[in-house]
Amino acid sequence: CNDHVNSSPPHPVPLFARSGLINPDTRKERVMIATWERRSCPLSVSEGYGKLFTLFRMHFAEESKILGDGQLQQELDILEQLIDVTQQATKKPLATGKKDDWEL
């Protein structure tokens, strides 16, 4: 999970002459990739955002009916997924101890 970025001293980017492609595995910058590459994190939604998504879902569903745009169902499905994750999280105590910035 990429929720912490390690600070490392900046590495100068070397200028290469037009001599062809360089094998990426041999470059010094390769060690930095793990720091900046995004890794998968389990989906989590705070209780506050879950309530917000629940209220917004009702409004969004009404507006999509008024517009008559059936393609907005994809967005409603995503909202449903976020709300479901919130409901699952509230059934289990959070072991991370993290606090969402929206609740501060």
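The values are calculated or read from the model by the stated rules, or taken from the named source; none is laboratory data. A quick note: this is a predicted structure, and the numbers were derived from the prediction, not measured. Every residue, glycine as well, gets a Cβ built from its backbone with ideal geometry; the counts of neighbours run over all protein chains shown.
Give the residues of segment 52-75 that are among the aliphatic types (A, V, I, L, M) and surrounded by fewer than 13 Cβ atoms within 10 Å (Cβ to Cβ), sorted by residue number. The answer is Leu55, Met58, Ile66, Leu67. Of the residues making up segment 34-42, at least one is part of a helix (DSSP H, G or I) and modelled with pLDDT of 60 or more.
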